[in-house]
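The structure under discussion appears below in the form of structure tokens.
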């Protein structure tokens, strides 16, 4: 018998090679990298170096300016006595200034901020003692049995204001001015005791003359207005005590 009919196989057409695509041209708005990262880093380093040198030059210029003023003051001091300027009192006042103080001239630039902060601390403690006197007076008007505390508040305001300036601020000022180890020793010894008193003032033991936290809480039971005044004074005492401890560690 004849062989069965078979469909002749058709060979697949040969693959057509893909047309070669032309190379992609860069868009005119496309950024090109020509090593910009390295140039930016070197420019930043050069700028930082210039700023550092500028700071050094400014520091040296300030130091030279300070020394020039010191030489001028020394030259003037050879022919005439340097006049005291602290405390600043009006000319008609019979009491004249007792000290000469000029922090930008006498204190080196590296320590001027520290000395200025200590001066503000002394002023803050003085103002707080005055507010303590007012709150003690108000408490005395409410409770006449607290006369001893009111009297001590007057004593502390009159005693601590000049004594703290002479006993710890002036030694600190002279220590930074002339780099005196003796004045540093006097300052640390007395200022440590002063910080202990700051803490006691903030506590406010009754009949000690300090309107601290204990006395403020006692006043809450009697008169709210006086208690609020004492709380404000207690906050001031606390802030002065905290700043005093910080500056004792910093100096």
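For the pair residue 68 and residue 113, label points projected 7 Å from Cα toward Cβ lie 2.5 nm apart. So what does the Cα-only Debye profile of the range 164-225 read at q = 0.30 Å⁻¹, as log10 I(q)/I(0), no solvent term? Per q value, in the given order, log10 I(q)/I(0) is -1.10.
In this simple spin-label model, placing a label point 7 Å from the Cα along the Cα-to-Cβ direction at both residue 242 and residue 161 gives a separation of 2.7 nm.
Using the Cβ-Cβ distance between residue 141 and residue 102 with R0 set to 45 Å, the FRET efficiency from 1/(1 + (r/R0)^6) comes to roughly 0.55. Extension gain, residue 217-residue 180: 0.36 nm per intervening residue step, less the Cα-Cα distance, totals 8.8 nm.
Relative contact order of the range 110-250, taken over Cα pairs closer than 8 Å and 6 or more residues apart, is 27 percent.
Here, each number is a calculation from the coordinates, and none is a lab measurement. Here the structure is a predicted model, which means the values were calculated and not measured. Reconstructed Cβ throughout: ideal geometry from the backbone, glycine too, with neighbour counts over all protein chains shown.
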